[in-house]
Amino acid sequence: MALCSVCRRREAFYLRTYSGQRLCAACLRRTLERALRRSISEAGGLPPRSRVVVPVSFTSPHLSLALLDVAVRVERRFGSEVVGVVPREVEVEPEGASLPGEQGLSRLVRVSVPPPEEATLSECIRFDSAWSARVAESLGGNAVLLPLTLTDRVLAMLDSLILGEAWLASESLLSRSVGGVRVIHAFGTIEGEAVAAYAARMEVRAWSPCRVASPSKKVLYSVAYRRPELEYSALKTISRLAQLAGGFGVCRYCGGFTAGGGASVCPVCERLRPAERVRL
Ligand SMILES: [Zn+2]
Ligand SMILES: [Zn+2]
């Protein structure tokens with residue numbers, strides 16, 4: 001049995017392979033709370049007593065449950081309200097179970113948003129950004145937290161390069177604006193593996209009916225078999241690359257880059273029409 005490298009008291013269950021750090025459940029939770037605070041502050045911060053919307057996303061429904069749990073702990077300290085939003089199309093198991101962090105939510109809202117059967121990672125992020133920003137707007141929210149990780153940001157950047165579509169680079173940015181709503185990739189400063197390890201310990205699970213594919217996933221996972229741990233320079237590199245891809249317009253539905261030509265709606269929203277699909 002290995003002890004946690006941080007508290008040196010409890011048994012560790014998660015090994016951060018790039019740093020060699022071993023974490024127990026409590027120290028991993030604190031690590032995720034710090035990552036969330038850092039993502040929010042790097043995204044420009046939120047005013048105190050904000051109304052923050054945390055949707056169960058189609059891109060990573062299970063990690064969304066971990067985010068609900070962590071967001072409620074972090075936002076309580078800032079006096080913010082956290083509103084959970086669950087699409088009826090997402091399957092939660094066991095049925096009727098209360099969600100992680102549910103007692104700390106100011107509201108739990110159920111919506112209907114039929115998702116596409118399959119989508120690329122970038123398409124799914126745009127789909128989630130658009131419908132959840134629409135819901136946040138109608139609930140008077142200032143921000144949406146999506147459970148996207150540093151690993152997702154790297155995959156989105158690689159996908160954009162592999163597909164030769166620079167306008168898809170916006171999914172690797174840490175945040176975006178849709179109207180008056182800030183959409184923040186809540187775990188965008190920490191590797192996906194850490195969030196997945198935390199989520200795996202929860203008793204509630206969630207599944208999305210949308211199959212999400214990333215052309216780069218095989219490549220990234222083949223480099224570090226099933227544990228593509230990423231460190232800080234990866235984050236700096238992709239942020240810089242995404243800035244280089246700037247100069248595009250911004251889609252008024254999802255906040256992602258448009259394909260150019262003065263368009264105000266991106267090709268993904270034009271095709272999938274996420275904002276029109278959502279029913280409160
Ligand atoms: Zn510990
Ligand atoms: Zn769009």
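Numbers below:
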| item | result |
| --- | --- |
| Flag for ARG88 being surrounded by fewer than 23 Cβ atoms within 10 Å (Cβ to Cβ), closer than 21 Å to SER129 by Cα and modelled with pLDDT of 95 or more | yes |
| Index of the failed condition, ARG76 passing every other in (1) over 30 Å from GLY164 (Cα atoms); (2) surrounded by 18 or more Cβ atoms within 10 Å (Cβ to Cβ); (3) touching a helix residue (DSSP H, G or I) at 6+ places or on another chain (Cβ under 8 Å); (4) not small (Gly, Ala, Ser) | (2) |
| Filtered residues of segment 188-206 (kept if in contact with a strand residue (DSSP E or B) (Cβ under 7 Å, 6 or more places away or on another chain) and either closer than 15 Å to SER239 by Cβ or polar (S, T, N, Q) (or both)) | GLY188, ILE190 |
| Every pair of residues 6+ apart whose Cβ atoms lie under 9 Å, when the first sits in segment 247-264 and is over 17 Å from TRP131 (Cβ atoms) and surrounded by 24 or more Cβ atoms within 10 Å (Cβ to Cβ) while the second is at pLDDT 90 or above and of a type in the set (S, T, N, Q) | PHE257/SER170 |
| Selection from segment 52-104 of residues that are closer than 18 Å to MET202 by Cβ and more than 19 Å from the chain's Cα centre (by Cα) | GLU93, PRO94, GLU95, GLY96, ALA97, SER98, GLN103, GLY104 |
| Long-range neighbours under 6 Å by Cβ, at least six apart or interchain, first residue farther than 18 Å from VAL195 by Cα and within 8 Å of ligand 1 (Cβ to nearest atom) within segment 1-15, second part of a loop (DSSP other than H, G, I, E, B) and not basic (Lys, Arg) | ARG10/CYS4; ARG10/CYS24 |
| Residues satisfying the stated conditions in segment 47-86, i.e. without any contact (Cβ under 8 Å) to a residue 40 or more places away in the chain, touching a Ser or Thr at 6+ places or on another chain (Cβ under 8 Å) and closer than 19 Å to PRO274 by Cβ | none |
| Count - residues of segment 136-152 that are in a helix (DSSP H, G or I) and crowded, with 24+ Cβ neighbours inside 10 Å | 4 |
| Subset of segment 16-43 (residues that are more than 27 Å from LEU108 (Cβ to Cβ) and either within 16 Å of ligand 1 (Cβ to nearest atom) or within 18 Å of the chain's Cα centre (by Cα) (or both)) | ARG16, SER19, GLY20, GLN21, ARG22, LEU23, CYS24, CYS27, GLU42 |
| Any hit, segment 116-130, residues being in a loop (DSSP other than H, G, I, E, B), touching a helix residue (DSSP H, G or I) at 6+ places or on another chain (Cβ under 7 Å) and over 14 Å from ILE238 (Cβ atoms) | yes |
| Qualifying residue in segment 47-61 (condition: buried (at least 17 other Cβ atoms within 10 Å of the Cβ), among the basic types (Lys, Arg) and away from ligand 1 (no atom under 13 Å from the Cβ)) | yes |
| Residues being modelled with pLDDT of 80 or more and not in a loop (DSSP other than H, G, I, E, B) - total across segment 244-269 | 5 |
| Residues of segment 236-266 satisfying the condition of being within 19 Å of THR120 (Cα to Cα), near ligand 2 (Cβ under 8 Å from one of its atoms) and over 19 Å from the mean Cα position of the chain (by Cα) | THR258, VAL265, CYS266 |
| Conditions (1) out of contact with any Lys or Arg (no Cβ under 7 Å at 6 or more places or on another chain); (2) without any contact (Cβ under 8 Å) to a residue 40 or more places away in the chain; (3) within 26 Å of ARG182 (Cβ to Cβ): number failed by ARG22 | (3) |
| Any hit, segment 25-42, residues being closer than 22 Å to VAL135 by Cα and in contact with a helix residue (DSSP H, G or I) (Cβ under 7 Å, 6 or more places away or on another chain) | yes |
| Qualifying residue in segment 65-73 (condition: among the basic types (Lys, Arg), part of a helix (DSSP H, G or I) and out of contact with any strand residue (DSSP E or B) (no Cβ under 8 Å at 6 or more places or on another chain)) | yes |
| Residue in segment 126-144 that is of a type outside the set (Ser, Thr, Tyr) and more than 20 Å from LEU280 (Cβ to Cβ) present | yes |
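The values are calculated or read from the model by the stated rules, or taken from the named source; none is laboratory data. Quantities reported herein were computed from a predicted structural model and do not represent experimental measurements. A quick note on method: Cβ atoms are made from the backbone with ideal geometry, for glycine too, and the neighbour counts reach across all protein chains shown.
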